[in-house]
Amino acid sequence: MSSHDLYRKIQLFFGDLATNKHLASTREYNMLPRYVVEHLVSEFTKLHGPADYAQKLSQYLATHYKEAREKDKVLHETMNGNTVQLIDEVKVETDVSIENYRTHLMNLGIRDAMIAKPVINQYENLLVTGMWGMATIQYNPEIVPRDIKGEPLLTPIIVTEFKPFQSPVTDPNILKDARPAFTFDEWLDTLVNTIGLNHERYSKRQKLVLISRLIPLVENNTNTIELGPRATGKTYIYRNTTYYTRIFSGGNISPAVLFYHIARRSLGEIAVKDTVIFDEISKIKFSNPDEMMGKLKDYMESGHYERGPKKAYSTCSLVFMGNISVETRGTAYAPIEEFTYVLPEPMRDSAFIDRLNAVIPGWELPKISHSALHLSKGYGIASDYYAEALHELRKQDYQHIIQQETQLIGNYTIRDEKSILKTASALLKLLTPNADRDGIARDELKQIMDIAVEYRNQVREWLHILQPGEFPKEKLSYKTN
């Protein structure tokens with residue numbers, strides 16, 4: 001199928017949920033996440049046409065997007081009695097101690113503001129992940145709750161209205177209904193375009209590696225590591241495909257930030273996100289390495305964590321990303337570094353590595369050198385809808401399909417079995433989301449299982465290099481039932 005025909009097919013089966021990725025990537029709106037840009041480009045294209053949308057959208061952003069340094073100017077306008085409409089990421093916290101809500105305009109830097117109750121009732125995701133959109137704010141000191149001494153408990157700014165720039169549609173059945181109309185390869189190309197890349201520039205193997213980056217986004221409690229050269233789009237995908245993630249790019253990380261802050265009694269990132277990503281893993285530092293690694297390994301094994309009085313369970317997946325040097329071998333790329341030395345010292349431990357479900361071979365991917373070549377040239381599934389669909393698919397069990405259809409062969413451990421089940425289940429959700437109701441073709445199942453077993457075998461090989469006596473050099477395989 002030609003690319004033109006593929007784009008038409010995507011439009012036909014996804015309708016308003018099909019977005020022209022090329023239009024969204026050709027404009028420099030770096031202040032906004034890509035899913036927000038896609039949403040706005042789609043809306044303005046419908047309103048003004050492909051010829052005039054860019055100018056109209058630029059004017060709209062110039063009027064309503066405010067930088068953090070403009071905070072005092074915005075507050076000045078509201079104090080003068082003006083209603084201000086601004087584009088921001090709004091996050092709401094429930095504070096039962098004051099029987100009210102703390103509203104944060106994350107981009108502008110306004111914290112502990114108020115919000116109208118009907119807005120929360122209409123958009124409950126404000127309480128979960130926060131949402132980007134158009135917020136209407138006013139200054140109203142008369143309705144600020146106060147303590148017994150008369151001191152204000154909240155900032156006298158209230159969000160009176162909100163229009164989200166994210167899809168209200170979350171139903172993954174849209175994916176399941178559309179999938180039978182596409183071949184395996186066509187669907188793979190659709191997903192590559194959905195994450196913003198040009199399917200024509202990658203081999204099938206490279207496309208499968210690219211889509212493997214989504215495994216932790218769609219499967220609970222999955223731990224992956226990707227090693228590869230810089231500029232292959234690792235961070236780009238996690239930052240722009242979904243808003244259910246938190247990325248740590250190097251720097252110092254404390255147990256309070258990751259798990260639970262005892263003094264503030266606030267949940268850490270693992271408790272509130274679908275996936276936490278450790279980017280530039282070699283530059284990550286832990287404020288308390290012994291405590292952190294103990295809790296991290298316990299969490300990776302069981303999904304449970306304890307800190308202070310807090311005992312909790314989370315479904316958050318973990319991603320570790322590191323940059324390594326590669327060399328060309330024929331037409332392929334291969335790592336020239338021993339993986340262990342990419343990890344910070346506290347992670348150079350077989351107990352940690354064994355808890356990784358998969359090693360994604362990012363070294364096989366080419367660098368994204370030119371946007372005109374490597375970014376999508378046409379339609380894909382709208383990122384805001386796709387993020388919600390992936391989030392909903394996390395709640396569905398596909399592992400039983402793998403268990404019914406396949407059987408592992410070899411001297412495997414419980415961790416091996418769990419790892420392959422998780423990886424294969426995630427790939428089923430991504431590549432054959434309708435498998436739970438329509439079944440799966442043998443050739444498609446084979447392609448998925450080959451990858452799942454390969455990624456776990458890469459972990460086993462790594463363990464053998466570290467401790468050959470404890471981890472023999474044996475490869476797992478499988479058979480279909």
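The values are calculated or read from the model by the stated rules, or taken from the named source; none is laboratory data. If you're wondering where the values come from, they're calculated on a predicted model, not measured in any experiment. Here the Cβ is made from the backbone with ideal geometry for all residues, glycine too, and neighbour counts use every protein chain on show.
Across region 248-268, what is the total count of residues that are surrounded by 17 or more Cβ atoms within 10 Å (Cβ to Cβ), of a type in the set (Gly, Ala, Ser) and not in a helix (DSSP H, G or I)?
So the answer is 1.
Give Thr423, Thr432, Thr413 a once-over and let me know the one that is touching a strand residue (DSSP E or B) at 6+ places or on another chain (Cβ under 6 Å) and either among the polar types (S, T, N, Q) or closer than 26 Å to Phe165 by Cα (or both).
Thr423
Tell me which residues, restricted to region 439-481, are among the basic types (Lys, Arg) and more than 21 Å from Arg205 (Cα to Cα).
Scanning region 439-481 gives Arg460, Lys473, Lys479.
Taking region 420-461 only, how many residues are aromatic (Phe, Trp, Tyr) and either closer than 16 Å to Asn481 by Cα or surrounded by fewer than 17 Cβ atoms within 10 Å (Cβ to Cβ) (or both)?
The qualifying residues number 0.
For every residue, the table says whether it meets (1) among the basic types (Lys, Arg); (2) surrounded by fewer than 20 Cβ atoms within 10 Å (Cβ to Cβ).
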{"site": "Leu393", "(1), (2)": "no, no"}
{"site": "Gly410", "(1), (2)": "no, yes"}
{"site": "Arg415", "(1), (2)": "yes, yes"}
{"site": "Lys418", "(1), (2)": "yes, yes"}
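Within region 168-214, how many residues are buried (at least 21 other Cβ atoms within 10 Å of the Cβ) and either of a type in the set (D, E, K, R) or part of a loop (DSSP other than H, G, I, E, B) (or both)?
Here the count works out to 7.
Which fully enclosed helices (runs of 4 or more DSSP H) of region 9-107 have 1 or more residues being over 28 Å from Ile247 (Cβ atoms) and modelled with pLDDT under 90?
34-64
Out of everything in region 122-167 that is in contact with a helix residue (DSSP H, G or I) (Cβ under 9 Å, 6 or more places away or on another chain) and aromatic (Phe, Trp, Tyr), what residue ends up being farthest from Tyr243 (Cα to Cα)?
Only one residue tops the list, namely Tyr139.
Being aromatic (Phe, Trp, Tyr), surrounded by fewer than 21 Cβ atoms within 10 Å (Cβ to Cβ) and at pLDDT 90 or above narrows it down to one of Tyr305, Tyr313, Tyr299, so name that one.
Exactly one of Tyr305, Tyr313, Tyr299 is aromatic (Phe, Trp, Tyr), surrounded by fewer than 21 Cβ atoms within 10 Å (Cβ to Cβ) and at pLDDT 90 or above, namely Tyr313.
Do you know which residues across region 221-270 are touching a Phe, Trp or Tyr at 6+ places or on another chain (Cβ under 7 Å) and among the hydrophobic types (A, V, I, L, M, F, W, C)?
Passing the criteria: Ile225, Leu227, Ile247, Phe248, Ile253, Phe259, Leu267, Ile270.
Out of curiosity, is Asp450 in contact (Cβ under 8 Å) with a residue 12 or more places away in the chain and among the acidic types (Asp, Glu)?
no
May I ask you to verify whether Phe162 is crowded, with 19+ Cβ neighbours inside 10 Å, under 30 Å from Thr235 (Cα atoms) and modelled with pLDDT of 95 or more?
Yes, satisfied.
Please work out which one of (1) outside the structural domain of Gly322 (by TED's automatic domain parsing); (2) within 21 Å of Arg230 (Cβ to Cβ) is the condition Val359 fails and give its number.
Unmet for Val359, out of (1) outside the structural domain of Gly322 (by TED's automatic domain parsing); (2) within 21 Å of Arg230 (Cβ to Cβ): (1).
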